[in-house]
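Working notes for the structure below.
Every number here is computed from the coordinates shown, using simple stated rules; none is lab data. Computed from a predicted structure; not experimentally measured. So basically every Cβ, Gly included, is an ideal-geometry build from the backbone, and we count neighbours across all protein chains shown.
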Ligand code: FES
């Protein structure tokens, strides 16, 4: 019998809320899937769309971004900005033929360990249904990531508009 597909999910979590919530889930011994590899950032507002493209180009099956609830960001508006950026990034992914359900943003506070476990279970189930990502094989999203690095939200919207319906060419494999 073939092994069940176990998705590789990159989790990018804000230090003050979801990272602490995930920590609480662990210390409370709440059982949930171990498919999420976590990177901690100080705020979801720090997350550049290039991080998402890079993750997919390196073989992630999905990216889960999570931070403080709206209105609770420790840097006031970081999660508002992240929410806008992620919505636009999902459009860009879709324009490259990548199912936008592979990128999700959630809001989990430091006291919501049980909610974090549910978020992870839900994401893992979704990605299992979608199957493994083929991004690494068919696209050069790293190039898109570099192109998007450092651009403002308005520019990202332009990229989303301009790239609608276009596919990226497969990149030649670099020999070392
Ligand atoms: Fe948590 Fe900004 S500090 S999202």
Whole-Å semi-axes of the stretch 1-101's equivalent ellipsoid (Cα gyration tensor): 23, 21, 10
Please give the length that would be gained between residue 27 and residue 99 if that part of the chain were fully extended, namely 0.36 nm times their separation in residues minus their C-alpha to C-alpha distance (nm, one decimal). 22.5 nm
Specify the inter-centroid distance of the stretch 21-42 and the stretch 75-98, based on alpha-carbon positions, in whole Å. 23
What spacing in nm lies between the two simple spin-label points modelled at residue 118 and residue 134, each 7 Å away from Cα in the Cβ direction? 3.5
